[in-house]
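Novice: Structure incoming, see below.
The values are calculated or read from the model by the stated rules, or taken from the named source; none is laboratory data. Computed from a prediction, not measured in an experiment: that's the story for all the values here. With ideal geometry, Cβ positions are generated from the backbone for all residues, glycine too; neighbour counts draw on all protein chains shown. Areas reflect the complete protein model, heavy atoms only, side chains present, ligands, DNA and RNA absent. Shrake-Rupley method; radii C 1.70, N 1.55, O 1.52, S 1.80 Å.
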Amino acid sequence: MKNIRTYCLVFGFTAIMLMPALLKNLAPDSALSGVTLSSALPDMSKKELLNGRLQESLNTYYAEHLPGRDFMINIRNQVIFSLFHQSPNELIILGKDKVLFEEEYVLKYEKYYPPATREYTEDLCEKLVRLQDLLSARGKEMYIFITPTKVRYYEEFVPDIYRQNNRFPDEPGNYEQFTDTLKNYPLHVYDSIPWINERAKTADFPLFYRTGTHWSWVLGMEVAADFARYLNEESRFTFPQANVAYQPTEEPVHPDADIFKLLNLFSKPYDEVYFQAEFLSEPRTDEGPNLFCRGGSFMEQTISPLIRNGYFKQDTYVQNTMIYRNCFSELTEFSDYAEMDLKQEIDQADIILLEVNEAHIPVMSFSLIDYLLEHPEILSE
């Protein structure tokens, strides 16, 4: 009996030691989704060895480059998701009926974090009016574009613990405070939420998918078509009208399973039906205006069909720290607005579009508004 136990221990230890080699040759290729960091091989110097940093750096390097690591992460995540019914990603919430949410959006919508105050939204609107007036004096049009969060339409699927932790129950939410304040200011605002609320009554496709964090591919395109209608009514420029054709597809179209992919599972997205969509627009008879847009990932879904269908002569779309130009064919990155030639961008633009998601109203346009107002030379002739 003692020998059997010894053999088992030796065999188990050997199997564990050989596991990386076995996985390297036997495990299928697995690429992880999301942001991953990979350390470089550390400097093998005497100095690094003596100060103790080499050992730590080597440990980190081999932990990140262990053969079969990605495959093992997939196994771990699948067990957590399927067996324990939990999200393996701490930034993602597994809600009721397997509806996925980004925790940030839930905490902001459920007012775990303090929502925007009236004082803040009034100050924001006053800055926007100043910016709009300065741009208007140069013959340029400025529009505000408001987008929703998934939580607004799927709140009943949020775990109860989050809904019970509303720390500011008597305060209006970001969206409610902002839109109520906007009524008192002469700003040009396209608010997609009332239109979506009306469209939801007859929509035969999901507004959001259980497996996605953004509005569905179909809804994003339909909002684009309605935004073109709005621009045609409000702008001095003309904009072709459009509609959206869609049909079921077996595989999800981006971004309809974007948040699911961040879980890094073996299983496939599980919504009942996904749709492929096509943006059908009337031909443009002129060159169109030049566009400068500052927005987030929701805006990309909606502005992309307009840009790709020739609604604008030139286009610059700034999302997070990325700058897309000329129909998304050119990509550059920046870390500070001083790195951009904003004067040139504003000079050539006919339309300036600022998108804000309701969750991000307290940080609207990521300080671009303040930066432009603090640098009047950018807005001058």
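Novice: Between L187 and N232, what FRET efficiency follows from the Cβ-Cβ distance if R0 is 22 Å, with the result rounded to 0.05?
Specialist: Step by step, r from the Cβ atoms, then E = 0.70.
Novice: Where does the stretch 73-197 land on the Kirkwood hydrodynamic radius, alpha-carbon pairs, in angstrom?
Specialist: Final number for the Kirkwood radius of the stretch 73-197 is 17.1 Å.
Novice: Ok, one more. Once the principal axes of the Cα atoms of the stretch 275-356 are found, what is the range along each, listed largest first in whole angstroms?
Specialist: The principal-axis extents, from largest down, are 39, 32, 23 Å.
Novice: From the residues L83, T117, G95, which one has its Cα farthest along the dipole of the stretch 81-124 in the positive direction, the dipole being from +1 and -1 charges on Cβ of Lys/Arg and Asp/Glu about the Cα centre?
Specialist: Farthest towards the positive end: L83.
Novice: Of the heavy-atom accessible surface of the stretch 127-255 (probe 1.4 angstrom), what whole percent is carbon and sulfur?
Specialist: Result for the stretch 127-255: 47 percent of the exposed heavy-atom area is carbon or sulfur.
Novice: For the stretch 257-305, what is the accessible area per residue in Å² when the probe is 1.4 Å?
Specialist: 43 Å²
Novice: At 1.4 Å probe radius, can you tell me the per residue accessible area of the stretch 173-247 in Å²?
Specialist: 41 Å²
Novice: So, one more: What dipole magnitude, in Debye to the nearest 20, does the stretch 237-381 give about its Cα centre under +1 on Lys/Arg Cβ and -1 on Asp/Glu Cβ?
Specialist: 300 debye
Novice: Moving to a separate point now. Anything over 18 Å Cα to Cα? Flag those among K201/K261; K127/K183; K98/K268; K98/K150; K111/K150; K111/K201, in the order listed.
Specialist: Cα-Cα > 18 Å for K201/K261; K111/K201; rest within.
Novice: In addition: Would you kindly find the accessible area of L94, with a 1.4 Å probe and non-protein molecules such as ligands, DNA and RNA excluded, rounding to the nearest 10 Å²?
Specialist: 40 Å²
Novice: Please list 84-93, 195-204 highest first by mean number of surrounding beta-carbon atoms within 10 Å per residue.
Specialist: For the peptides 84-93, 195-204, the packing ranking is 84-93, 195-204.
Novice: Tell me which of L342, F275, T285 sits at the most positive position along the dipole axis of the stretch 259-350, charges placed on C-beta atoms (Lys, Arg +1; Asp, Glu -1).
Specialist: Toward the positive end, the furthest listed residue is F275.
Novice: Need the list of aspartates and glutamates near K343 for cross-linking: C-alpha distance under 17 angstrom, and skip anything on the same chain fewer than eight residues off.
Specialist: Excluding near neighbours in sequence, the set is D133, E141, D315, D370, E374, E377, E381.
Novice: Just the accessible area per residue of the stretch 317-381, please: how many Å² with a 1.4 Å probe?
Specialist: Here the per-residue accessible area is 45 Å².
Novice: If I take all pairs of Cα atoms in the stretch 192-240, what percentage of them are more than 16 Å from each other?
Specialist: 44 percent
Novice: Show me the ranking of peptides 345-356, 283-294 by mean Cβ neighbours inside 10 Å, starting with the highest.
Specialist: Final packing ranking: 345-356, 283-294.
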